[in-house]
Amino acid sequence: MKLVIFGLSITSSWGNGHATLWRGLCRALIKAGHEIEFFERDVSYYAANRDLHEDRCGRIVLYADWNDVCSRAKASVRDADAVIVTSYCPDALAAGSLVRDTAVAIKVFYDLDTPVTLARLEAGETVDYIGPDGLSAFDLVLSFTGGGALDALRDRLGASRAEPLYGHVDPELHRPVGAQAHYAATLSYLGTYSQDRQPALEAVFVAPARHRRDDRFLIGGAQYPQDFPWSPNIYFVRHLPPSEHAAFFSSSRLTLNLTRRSMARMGWCPSGRLFEAAACGAAVVSDHWEGISEFFDPGSDLLVATTEPEMLAVLDLSDAEIGRIRRNGRERTLDQHTSAHRAAELCRLLEDARQPQTARGRSTHQLMEA
């Protein structure tokens with residue numbers, strides 16, 4: 001099967017969560033015998049922070065302007081078995097029009113930012129990657145978020161079929177490695193700065209750090225402002241390429257996962273970073289959102305803390321208890337949440353989308369159980 005993807009970025013993980021997910025998914029699809037062509041607009045901030053240094057993700061087409069690549073895109077789309085247009089793709093509307101007007105076997109929209117999309121629509125804002133006809137022209141709409149988000153995609157945007165395709169991890173890249181002193185921490189947090197996550201970060205990271213002055217706390221990420229409420233025992237490393245993530249997670253006693261407010265409010269929203277940390281054998285402390293127990297068992301596979309007292313209690317857990325969380329979380333991830341698992345799910349969804357509408361009524365979960 002040949003898949004053509006019009007996405008935000010696969011070449012740079014700087015300031016976005018799309019690239020690492022696409023790399024793992026594309027590698028898994030290619031390993032399963034499929035052909036991938038990924039179109040990415042070549043923008044300056046990703047070009048300056050490009051961290052893809054391999055050729056196992058398929059054919060990548062970097063272009064400066066849609067008009068420059070339109071003819072090639074048309075030829076690729078005509079030859080494709082399935083075409084996927086994604087949220088935050090800077091040329092999503094043009095690509096969507098191309099897909100709509102071309103005889104493509106399967107037309108797919110993948111919203112990797114569904115709660116943000118729906119929140120912007122609710123606020124009356126323009127969503128640059130969705131046109132006036134919503135998502136009705138696509139055979140299949142995939143969502144990084146499940147639960148009620150799927151109903152909203154159908155009701156608000158006219159998706160004829162909406163299915164979840166959750167985050168995942170490539171265990172070849174994210175696995176336990178030797179600890180490194182410059183990443184050592186009692187509690188670490190890896191994530192791009194977001195004002196949306198700041199209240200939670202202050203409650204379960206900044207405030208506990210002030211109580212535990214003898215412990216080392218570490219933040220890794222991009223775009224942190226100068227007025228961030230640092231304390232002497234909170235250390236910082238700027239944007240880490242994916243090649244450094246395993247060392248970062250493997251060097252922490254505990255690592256924190258925080259979800260954007262709009263995603264947490266909607267639920268069923270595991271981030272790719274959550275799976276990455278668990279695959280590296282880190283003991284993960286996460287915020288809480290509806291559906292989390294479908295992915296990990298709180299108290300067994302990971303820990304949950306949403307307040308300062310809860311985090312301080314977690315920090316006091318024994319090494320034996322934290323070791324148990326590490327082992328269980330990694331095992332659950334490798335059993336259910338790898339890029340290969342998601343690639344197989346995607347292929348099942350695409351095959352089902354080929355069928356007549358009357359044969360499509362069953363959900364992915366029903367298909368898997370059949």
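The values are calculated or read from the model by the stated rules, or taken from the named source; none is laboratory data. Quick caveat, the model's predicted, so the values are computed rather than measured. Methodologically, a virtual Cβ is constructed for each residue, glycine included, from the backbone with ideal geometry; neighbour enumeration extends over all protein chains shown. Please note that ligands, DNA and RNA were not included when accessible areas were found on the heavy atoms of the full protein model with its side chains. Shrake-Rupley method; radii C 1.70, N 1.55, O 1.52, S 1.80 Å.
On the given criteria, is residue 75 under 30 Å from residue 151 (Cα atoms), exposed (fewer than 15 other Cβ atoms within 10 Å of the Cβ) and not basic (Lys, Arg)?
Against the criterion (under 30 Å from residue 151 (Cα atoms), exposed (fewer than 15 other Cβ atoms within 10 Å of the Cβ) and not basic (Lys, Arg)), residue 75 does not qualify.
Can you pull out every residue in segment 208-229 that is touching a residue at least 12 places away in the same chain (Cβ under 8 Å) and open to solvent by 20 Å² or more (accessible area, probe 1.4 Å)?
Hits for segment 208-229 are 210, 211, 212, 213, 214, 215, 216, 223, 224, 225, 229.
Assess whether residue 238 counts as being open to solvent by 60 Å² or more (accessible area, probe 1.4 Å), closer than 16 Å to residue 188 by Cβ and at pLDDT below 95.
yes
State all residues of segment 248-262 that are open to solvent by less than 30 Å² (accessible area, probe 1.4 Å) and either closer than 27 Å to residue 142 by Cβ or assigned to a helix (DSSP H, G or I) (or both); if no residue qualifies, say none.
Of everything in segment 248-262, those that are open to solvent by less than 30 Å² (accessible area, probe 1.4 Å) and either closer than 27 Å to residue 142 by Cβ or assigned to a helix (DSSP H, G or I) (or both) turn out to be 248, 249, 250, 257, 258, 259, 262.
What residue, among those in segment 13-47 that are modelled with pLDDT under 95 and assigned to a loop (DSSP other than H, G, I, E, B), is surrounded by the most Cβ atoms within 10 Å (Cβ to Cβ)?
Within segment 13-47, the match that is surrounded by the most Cβ atoms within 10 Å (Cβ to Cβ) is 13.
Is there a residue in segment 110-125 that is polar (S, T, N, Q), closer than 19 Å to residue 160 by Cα and over 21 Å from the mean Cα position of the chain (by Cα)?
Within segment 110-125 (the criterion being polar (S, T, N, Q), closer than 19 Å to residue 160 by Cα and over 21 Å from the mean Cα position of the chain (by Cα)), the answer is no, since none of the residues qualifies.
List, please: which pairs have Cβ atoms under 9 Å, are six or more places apart or on different chains, and start with a residue in segment 57-69 that is touching a residue at least 40 places away in the same chain (Cβ under 8 Å) and end with one that is basic (Lys, Arg) and not in a helix (DSSP H, G or I)?
Final answer for the pair search is 62/41.
Output the residue which, of all residues in segment 78-120 that are in a helix (DSSP H, G or I), open to solvent by 10 Å² or more (accessible area, probe 1.4 Å) and in contact with a Ser or Thr (Cβ under 7 Å, 6 or more places away or on another chain), is farthest from residue 130 (Cα to Cα). Break it down stepwise before answering.
First, pick out the residues of segment 78-120 that are in a helix (DSSP H, G or I): 78, 92-100, 114-120.
Next cut, open to solvent by 10 Å² or more (accessible area, probe 1.4 Å) only: 78, 93-94, 96-98, 100, 116, 118-120.
Those left that are additionally in contact with a Ser or Thr (Cβ under 7 Å, 6 or more places away or on another chain): 78, 116, 119.
On the way: 78: 22, 116: 13, 119: 14 Å.
Checking each candidate, the answer is 78.
Give, as residue ranges, the helices (runs of 4 or more DSSP H) completely inside segment 284-370 that count at least 2 residues that are modelled with pLDDT of 95 or more and open to solvent by 40 Å² or more (accessible area, probe 1.4 Å).
Fully inside segment 284-370 and qualifying: 308-315, 319-336, 339-353.
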